[in-house]
Structure formats: C-alpha cells, structure tokens
Amino acid sequence: VQTSHNTMFALRRTATSIPKVGARALFSTEIPVGAVARVIRAHVGDEATAIKADAIVASVQDGLKAQPGFVKTVRTVCKGEWAYEIAVVFESGGTFGDYMEGDFRESVMAPALGEFVKLATEPDALYQGNRVYDEL
C-alpha cells in the first residue's frame, strides 16, 4: 500500500481535528471541507476481476451504512486500463475521523482491503487517500 507514515499521520490528524459540530470547517477560504471521502484505487486487469472487487465492496456495505455519518460508496471503473476506484463518503470531517479511528475500519474494512489487494495487478501500487467530496 503506497502511503507514507508522515502522510497518514497528517491525514489522521487533519481528519480528527475538524470540528464535529454542524459548522463547516475551512482549511482555506477557497475550498471548504464538508463531506470527506476515503479513496482506494488499483488496477484490476480485467472485467472478471472487477466483478470480484464489486463483491468485496458489496460485502462491507451493510456495515458501512451503520457507521455514523456514512453517506454513500461510489465506484468508478475505467474499462480501458481497468483502473478500479472506490470512494467511501462521510458527511463531515468529524464523522470521517471517527471512522478512520474506529473499530469497524480495523475489524471489517482492513480485512476487506487485504482481499482487494490480492486482486490488484500491482499490489504495491495500490493508492489510498482522503478527499474533500463535493457534488458540483
């Protein structure tokens, strides 16, 4: 998994430092932080493998829906290069931070990610990151 320790620390600190009250936190005056998404991306090689990845994602949906602040899961697939990307969206930085620090992520999502990594054509190139999420 391609993420440096310093980057993960900074993202975790950022996610958990956003106020959990209804006010929108701002890191700048240009891009307000409202909803936050955890993004995971890998190349899966072919359609059959993408369907297997869909099954892994489906297996965690009920648990995600029970997480406070969970909004939705979005999946995109590039059928030309078989890039498979998931975004798990939370309503705020506060609920996202709670998810990142929570037991569900450790006990359910980490094993599911382990299964997803096995499907990747280049497991070491798997990408994980956090995004401000807006629908414009």
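Sticking with the crude label model, points 7 Å out along Cα→Cβ, report the distance from Gln61 to Glu106 in nm, one decimal please.
2.8
Going by average Cβ density within 10 Å per residue, which order do the peptides 73-84, 38-49 take, highest to lowest?
Per-residue Cβ counts within 10 Å, averaged per peptide and sorted highest first, yield 38-49, 73-84.
For the range 46-62, just list the computed ³J(HN,Hα) in residue order, Karplus coefficients 6.51, -1.76 and 1.60, θ = phi - 60°, integers in Hz, with x standing in for Gly and Pro.
6, 5, 4, 6, 4, 5, 5, 5, 4, 5, 5, 4, 4, 5, 9, 4, 4
Please give the residues of the range 100-136, grouped as numeric ranges, whose backbone N is less than 14 Å from a label point set 7 Å along the Cα-to-Cβ vector of Lys72.
Answer for this model: 133-136.
Bear in mind that the values in this text are calculations on the coordinates, not laboratory data. Not measured: the values here are computed from a predicted model. Positions of Cβ are backbone-derived with ideal geometry, glycine not excepted, and every protein chain shown enters the neighbour counts.
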